[in-house]
Amino acid sequence: MFNKSLWNTFADTTDFPALKKDISVDVAVIGGGITGLTIAHHLSEKGLTVAVLEAAKVGAGTTSHSTGNLYNTIDKNLGMLRAKYDANTLADVVKARNSAVDAIEQIIYQFEIECDFKRQPWYMYSAAEENNDRLERELETGKEIGLLMSKARDSEIPFATKRAIKIDGQAQLNPMLYVQGFAKNIDSKKCRIYENTKVTDVEEHGGYLLVHTDNFKIKAEHVVHATHTPKGIKFVQTLLGPYREYGIACTLEENNHPEGIFWGYFEGKEKISTRTYHKNGEVYLVVVGKPHKTGQTDNNIRHIKELEEFARHHFSVKEITNRWGGQHYVPADSLPYIGREQKDSNVYLATGFSTDGLIYGTLAGIIISDLITGTRNTFAELFDSTRNQPLKAAKEFVKENLNVAKQYLRNIPGTLSDEDLAGIAPGEGKVLEKGDNKLAIYKDEDGKMDACSAVCTHMACIVNWNNAEKTWDCPCHASRFATDGTVLEGPAYTPLQKVNLQDAEE
């Protein structure tokens with residue numbers, strides 16, 4: 001059902017070594033995506049020694065599963081943000097995001113990275129009358145903060161619309177080619193990149209930090225969690241709503257989708273994002289949407305099928321070439337958390353990017369590198385990760401934590417019986433209960449069973465089966481595990497505990 005993202009299809013290869021000995025550096029960066037590489041680049045340029053520690057391959061996480069769109073507005077809409085913040089704050093958010101787009105473009109030209117970067121217009125449209133007010137509010141808010149947003153003509157939109165607005169001069173790229181090209185250019189004596197190097201813990205000592213991997217240790221003055229959500233148990237995780245969203249790419253019989261970034265609101269509050277990508281003489285249509293709380297759907301495949309149905313309804317689809325999922329974390333007060341973990345800490349985090357990770361990841365890289373070097377940054381206070389916004393965050397804070405509490409009380413609809421085991425189809429997984437033990441059991445295509453504890457190693461929530469991506473997903477804080485228990489992403493450090501199924505049945 002699932003394969004790699006469109007960006008991975010056309011990705012280059014990287015072959016950075018795994019860490020093979022204990023080392024000491026000024027800064028250890030956990031995560032080799034856009035955030036980690038941007039931090040490493042700016043710090044090494046300022047003369048600091050940096051180690052980038054990537055559990056898999058550079059860009060293989062969230063970066064390679066994004067839309068590749070770059071824009072100075074925000075995913076959740078300016079009108080929504082205006083209900084919480086004053087116009088000056090909104091103007092600063094847009095200014096910060098615009099500076100990040102420019103920073104990405106500068107890096108592309110500095111290192112001559114071939115990543116299909118191009119400036120494009122951004123559009124938002126309403127396909128249903130009920131969303132017209134949303135569009136009007138967005139246009140008014142844009143004008144209020146001095147954003148060059150205007151009404152768009154119906155002829156510019158590839159769908160039947162009721163209202164449409166646009167912003168010129170936004171951008172698109174292939175995010176995987178960007179980060180791979182970026183990494184190859186910044187790897188140096190000052191900036192070492194290590195792939196297949198999984199961090200298992202971070203210890204704070206009196207005058208330094210010690211980062212543990214499976215086999216070796218890194219001594220550092222500063223540590224940055226550039227992992228989309230910080231590893232381990234952190235307070236900030238109570239302020240985040242983790243979501244999975246899906247993307248497909250398809251070729252068309254006839255390319256009747258214009259160039260640009262298109263956000264469409266259809267019935268209800270549902271938003272679908274579309275764009276095209278040109279590569280090797282072929283045009284691909286990218287369709288993204290159908291989000292849900294991570295680990296909290298009974299049929300992940302259904303979300304992908306709905307995107308395919310959308311594409312076929314509106315366009316003459318030749319072939320669905322790619323299907324993928326991506327993770328994002330929605331912040332309680334609508335702004336990302338970037339900076340120190342605590343006021344005087346030398347541990348830094350960057351999270352709560354919503355679906356704006358390419359922009360906020362770049363911005364985080366600049367802000368955190370400035371904090372580490374003591375350089376004043378105009379936007380550091382705006383996104384400060386230690387900020388306290390009780391009125392702006394209260395509603396979402398309560399909602400997310402009630403949701404988490406509910407997951408701990410979830411019933412398991414099956415026992416470890418011969419009948420329930422036989423009911424697991426090849427290629428599928430199921431959580432079953434045996435006494436006080438909850439087991440995550442996967443049956444491969446040959447009928448072999450793979451069993452792990454279903455208790456997430458982050459905070460002991462019970463994982464759920466993702467039938468599209470063939471993973472175990474935690475519905476509390478969104479750690480995700482392979483069928484053998486290996487950590488794929490999220491805050492968990494350690495894999496699900498392997499279980500001998502014969503012993504469990506006795």
Cysteines without a disulfide-compatible partner [the chain; Cβ-Cβ under 4.7 Å]: CYS115, CYS191, CYS250, CYS452
Three-way shape call for the stretch 123-170 based on the alpha-carbon gyration tensor, with the a/c threshold at 1.5: oblate
Å² of accessible area per residue within the chain, as computed with a 1.4 Å probe and no ligands counted: 41 Å²
Whole-angstrom Cα spans of the stretch 233-319 along principal axes, big to small: 49, 24, 23
Derived scalar couplings ³J(HN,Hα) [the stretch 219-227; Karplus, 6.51 cos²θ - 1.76 cosθ + 1.60; whole Hz; x for Gly, Pro]: 8, 9, 7, 10, 10, 10, 8, 9, 10
Sites matching trypsin sites (Lys or Arg not before Pro) across the stretch 170-272 that sit in DSSP coil, with at most 10 neighbouring C-beta atoms within 10 Å: LYS189, LYS269
Estimated FRET transfer efficiency (MET449, GLU253; beta-carbon r; R0 45 Å; 0.05): 0.55
Whole-number Å³ per residue for the convex hull built on Cα positions in the chain: 154 Å³
Using a Förster distance of 45 Å, the FRET efficiency for SER345-LYS269 (Cβ separation, nearest 0.05): 0.75
With all protein chains modelled, accessible area of ASP15 [1.4 Å, Å²]: 140 Å²
Mean separation of Cα contacts under 8 Å (6+ apart) over length of the chain, as relative contact order %: 18 percent
Bins of 10 Å, starting at 0 and running to the largest distance - Cα pair percent for the stretch 319-381: 20, 46, 22, 8, 4, 0
With all protein chains modelled, accessible area of ILE462 [1.4 Å, Å²]: 20 Å²
Rule-of-thumb Rg ratio for the stretch 300-341 [Cα; 2.2 N^0.38 Å; N residues]: 1.84
Between the stretch 198-213 and the stretch 117-179, the alpha-carbon center distance in angstrom: 44 Å
Net lengthening on full extension, LYS143/ALA425 (0.36 nm per residue, minus Cα-Cα): 96.0 nm
Three semi-axes of the equivalent ellipsoid, the stretch 1-115, Cα gyration tensor, whole Å, largest first: 30, 21, 15
Distance from the stretch 282-308 to the stretch 421-500 (C-alpha centre basis), Å: 21 Å
Computed lengthening from THR238 to PHE159, 0.36 nm per intervening residue step minus Cα-Cα distance: 24.6 nm
Order by protection proxy (mean Cβ within 10 Å, highest first), peptides 32-41, 86-95, 163-172: 32-41, 163-172, 86-95
Carbon plus sulfur fraction of accessible area for the chain, probe 1.4 Å, in percent: 47 percent
Using θ = phi - 60° and Karplus 6.51 cos²θ - 1.76 cosθ + 1.60, couplings along the stretch 381-387 (whole Hz; Gly, Pro as x): 5, 4, 10, 3, 6, 9, 5
Solvent-accessible surface ranking, highest first, for MET449, MET176 at 1.4 angstrom: MET449, MET176
Rounded FRET efficiency, nearest 0.05, which uses the C-beta distance separating GLU136 from ASP15 and R0 of 60 Å: 0.70
17 Å cut-off, amide nitrogen to a point 7 angstrom out along THR89 Cα→Cβ, residues in the stretch 310-348: 331-338
Relative contact order (%) - the stretch 238-326, alpha-carbon pairs under 8 angstrom, separation at least six: 44 percent
Per DSSP, loop trypsin sites (Lys or Arg not before Pro) in the stretch 342-393 with at most 11 further Cβ within 10 Å: LYS343, ARG376
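The values are calculated or read from the model by the stated rules, or taken from the named source; none is laboratory data. What you see is a predicted model, and the numbers here were worked out from it, not measured in a lab. Note: ideal-geometry Cβ built from the backbone for every residue, glycine included; neighbour counts use all protein chains shown. The protein model used for the area step is the full one, side chains on, heavy atoms only, and it has no ligands, DNA or RNA in it. Shrake-Rupley method; radii C 1.70, N 1.55, O 1.52, S 1.80 Å.
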